[in-house]
Amino acid sequence: MDTQTGRPLSQEELAVLRHILSASFAGAAELRQQLTTATVSGNWEPAGSPSIDIAVPAESPSAHIADGPVPVAAQVIDGTGEYLGELLLWVTGGRLSALEYSWITDEPPSHLPALGMIHLAPSPH
C-alpha cells in the first residue's frame, strides 16, 4: 500500500473510484472528470488502511451534489456472499474528498477490494 501523500491516485484506487462513479446520479459526470487531476492528500488510520483523503484542484469542474457520501451503496461482498463492508466516496464542496473502506471484519483491510466484490446499488439515503 502506497502511503505517500501528494501522489497521483494508484491504478487500484482509480479503478475502484471509476467503478463507483459508473453509477448514475446527479453530479457523477463532473466527479468522473475530477479523477484526471485528483491526488491523495492523506492516509487514514490505522496505518496501512486503504482509506484515503482526496484533493481536487479548484479549477476542476464542480459537481452540484450535497456534501457527504455520494448516493451509491458500494457493498463489498466476498465470493461466498458474505458482506464484508462498504465503500463510501465522500464529496465536499462539489469535489471528491475521500474514499473510505468501512469494514465489519475482525481485521482491517490492507487493500481495496477487487472490482468483482463491489456491488453497486442506489443508496437508500
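Just a few scattered comments:
- Screening region 71-125 for strands (runs of 3 or more DSSP E) wholly inside it with 1 or more residues that are touching a His at 6+ places or on another chain (Cβ under 7 Å), more than 19 Å from E12 (Cβ to Cβ) and small (G, A, S) returns no ranges.
- Residues that are surrounded by fewer than 18 Cβ atoms within 10 Å (Cβ to Cβ), assigned to a loop (DSSP other than H, G, I, E, B), free of Cβ contacts under 8 Å to residues at least 60 places away in the same chain and not charged (D, E, K, R), drawn from region 41-55: W44, A47
- Taking region 83-107 as the range and being at pLDDT below 95 and charged (D, E, K, R) as the test, the residues that pass are D106, E107.
- Residue that is farthest from the chain's Cα centre (by Cα) [pool: residues in region 26-35 that are part of a loop (DSSP other than H, G, I, E, B) and surrounded by 16 or more Cβ atoms within 10 Å (Cβ to Cβ)]: G27
- For A23, the requirement of being of a type in the set (A, V, I, L, M) and part of a helix (DSSP H, G or I) is not met.
- Any chance R18 is of a type in the set (K, R), modelled with pLDDT of 95 or more and either closer than 15 Å to G94 by Cα or not in a helix (DSSP H, G or I) (or both): no
- Here A114, A38 are screened, and the one residue that is buried (at least 18 other Cβ atoms within 10 Å of the Cβ) and either without any contact (Cβ under 8 Å) to a residue 12 or more places away in the chain or touching a Leu at 6+ places or on another chain (Cβ under 6 Å) (or both) is A38.
- The lone exception for S60 - which of (1) buried (at least 18 other Cβ atoms within 10 Å of the Cβ); (2) over 14 Å from P113 (Cβ atoms); (3) at pLDDT 95 or above it fails: (3)
Yes/no per residue for (1) within 23 Å of L115 (Cα to Cα); (2) of a type in the set (S, T, Y); (3) out of contact with any helix residue (DSSP H, G or I) (no Cβ under 8 Å at 6 or more places or on another chain):
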{"residue": "V16", "(1), (2), (3)": "yes, no, no"}
{"residue": "A28", "(1), (2), (3)": "yes, no, yes"}
{"residue": "L31", "(1), (2), (3)": "yes, no, yes"}
{"residue": "V56", "(1), (2), (3)": "no, no, no"}
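The values are calculated or read from the model by the stated rules, or taken from the named source; none is laboratory data. Nothing here was measured: the structure is a model prediction, and the numbers come from that model. Glycine gets a Cβ as well: all are built from the backbone with ideal geometry, and neighbour counts include every protein chain shown.
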